[in-house]
1. By what distance, in whole Å, do the Cα atoms of the chain stretch along each of the three principal axes, largest value first?
2. For 14, 54, which order do you get if you count the other beta carbons within 10 Å of each Cβ and list the fewest first?
3. Rounding to the nearest 10 and keeping the result within 0 to 90°, find how far the Cα-based axis of helix 22-35 lies from the longest principal axis of the chain.
4. Given 0.36 nm per residue, what is the gain on full extension from residue 38 to residue 25 after removing their alpha carbon distance, in nm?
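What follows draws every value from the coordinates through simple rules; no lab data is involved. Note that the coordinates shown come from a computational prediction; the quantities given were computed from them, not determined experimentally. Please note: Cβ atoms are built from the backbone with ideal geometry, for glycine as well, and neighbour counts cover all protein chains shown.
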């Protein structure tokens, strides 16, 4: 909900315009809670700027205006 307010969408990593399904979102959230700060640190340690919970869930965050 908060991501929608700032114009962010969560898509499958294959860069389609389809948003992730509920099961993938639940997996992503669970990984985010379990990994905590480790996930945040990975954002700064890779070229893509993706957090580890997004990589493990097969998701990517994009600005909604970039989604066609």
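1. 31, 26, 24
2. Details: 14 8, 54 22.
The most exposed by this proxy come first: 14, 54.
3. 30 degrees
4. Value of the extension gain: 2.8 nm.
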